[in-house]
Amino acid sequence: MFVESPALDMVWEPTRPATPEQIYARVFRRMKPRTPLPSIEVQVRRYANANAQIRLEEGTLRVRMADTLAGAPESVQEALAEILLAKLFRRPVPPASNDRYRRYLNRRDVRRSLDLVKEMRGRKHVEPPQGKHFDLVEIFEELNLRYFFGLMARPELGWSKQASRTMLGHYDPPHNAIVISRILDRPGTARLAVEYVMYHEMLHLRHPVEHQGSRRCVHTRAFKDAEKQFECLKEAKALLRKLP
């Protein structure tokens with residue numbers, strides 16, 4: 001005897017994903033169960049990075065997030081909400097949420113997308129490589145011959161607009177640019193110090209950042225081994241520590 005199952009007559013309706021406002025409301029209730037839920041406004045902005053901001057003012061929870069995050073899975077958006085609200089209320093960031101969010105950003109496809117967005121939207125404000133006392137192109141080419149057999153393609157080189165003491169140099173992969181802090185372009189700076197900073201950033205070009213899960217390794221073992229090949233390494237580091 002054939003009996004028709006009632007389940008076959010039921011119409012399946014897919015569960016609609018939660019809106020960003022619903023996600024932040026859900027997380028807010030978990031963190032502040034006795035506090036009245038404020039009105040929530042989530043704005044999507046065309047940032048050059050995966051930026052997100054949150055603030056509570058005049059009874060409204062205002063969130064601004066990059067459009068590169070708007071398409072993230074709901075679990076990732078909820079992790080971001082937990083991170084932002086934890087910081088807003090000065091609470092410890094849940095390790096699981098931080099791990100989930102970092103793992104998403106470290107995904108190869110997401111990193112590729114973010115780099116492309118940064119390249120298209122971001123602006124790299126640098127000064128020409130010919131400084132008042134040092135020529136970055138000349139230094140790069142000398143190091144290229146000495147340590148890389150002249151085989152490294154020269155990226156964009158330039159001095160920073162601000163004389164930063166905390167960031168003496170950095171390599172920007174999306175813009176393929178090495179920027180050296182203007183604080184080094186001074187008559188009292190030893191050339192060896194500038195050469196070491198340039199060499200360090202050239203190694204970032206040769207040995208890219210490695211991503212494993214939620215971990216982001218900037219200075220890999222290969223990077224550190226190559227850095228030891230720099231002549232007068234200890235002397236160069238000592239010169240940088242004595243910068244005025």
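The values are calculated or read from the model by the stated rules, or taken from the named source; none is laboratory data. Just so it is clear, the structure is predicted and the values come from calculations on it, not from any experiment. Glycine also receives a Cβ, built like all others from the backbone with ideal geometry; neighbour counts cover every protein chain displayed.
Which of (1) modelled with pLDDT of 90 or more; (2) surrounded by 14 or more Cβ atoms within 10 Å (Cβ to Cβ); (3) closer than 30 Å to His175 by Cα; (4) not basic (Lys, Arg) is the odd one out, the single condition Tyr24 does not satisfy?
(3)
When you look at Glu231, is it surrounded by fewer than 16 Cβ atoms within 10 Å (Cβ to Cβ) and acidic (Asp, Glu), yes or no?
Judged against the criteria, Glu231 is a match.
Which count do you get for residues in segment 85-109 that are surrounded by 14 or more Cβ atoms within 10 Å (Cβ to Cβ) and within 29 Å of Leu157 (Cβ to Cβ)?
Residues that pass the stated criteria total 2.
What pairs come up if the first residue lies in segment 169-195 and is under 11 Å from Glu156 (Cα atoms), the second is surrounded by fewer than 16 Cβ atoms within 10 Å (Cβ to Cβ) and polar (S, T, N, Q), and their beta carbons are under 9 Å apart, counting only those six or more places apart or on different chains?
none
Checking the structure you have, find out if any residue of segment 183-206 is under 30 Å from Tyr104 (Cβ atoms) and outside any helix (DSSP H, G or I).
no
Residue check: is Arg91 in the same structural domain as Val27 (by TED's automatic domain parsing), more than 30 Å from Val194 (Cα to Cα) and over 20 Å from the mean Cα position of the chain (by Cα)?
yes
What pairs come up if the first residue lies in segment 124-149 and is assigned to a helix (DSSP H, G or I), the second is crowded, with 18+ Cβ neighbours inside 10 Å and among the hydroxyl-bearing types (Ser, Thr, Tyr), and their beta carbons are under 7 Å apart, counting only those six or more places apart or on different chains?
Leu143/Tyr199; Tyr147/Tyr199
Take segment 37-61 and flag every residue that is within 20 Å of Tyr101 (Cα to Cα), in contact with a strand residue (DSSP E or B) (Cβ under 6 Å, 6 or more places away or on another chain) and either polar (S, T, N, Q) or without any contact (Cβ under 8 Å) to a residue 24 or more places away in the chain (or both).
Matches in segment 37-61: Val42, Gln43, Arg45, Asn51, Gln53.
Can you tell me which residue is modelled with the lowest pLDDT among those in segment 205-222 that are within 30 Å of Ala96 (Cα to Cα) and in contact with a Pro (Cβ under 9 Å, 6 or more places away or on another chain)?
Among them, the one singled out is Val209.
Exactly one condition in (1) in the same structural domain as Arg45 (by TED's automatic domain parsing); (2) charged (D, E, K, R); (3) not in a helix (DSSP H, G or I) is false for Glu82; which is it?
(3)
Suppose the filter is closer than 21 Å to Glu227 by Cβ, polar (S, T, N, Q) and free of Cβ contacts under 8 Å to residues at least 24 places away in the same chain; does Thr166 pass it?
yes
On the given criteria, is Ile54 in a strand (DSSP E or B) and crowded, with 18+ Cβ neighbours inside 10 Å?
It is true that Ile54 is in a strand (DSSP E or B) and crowded, with 18+ Cβ neighbours inside 10 Å.
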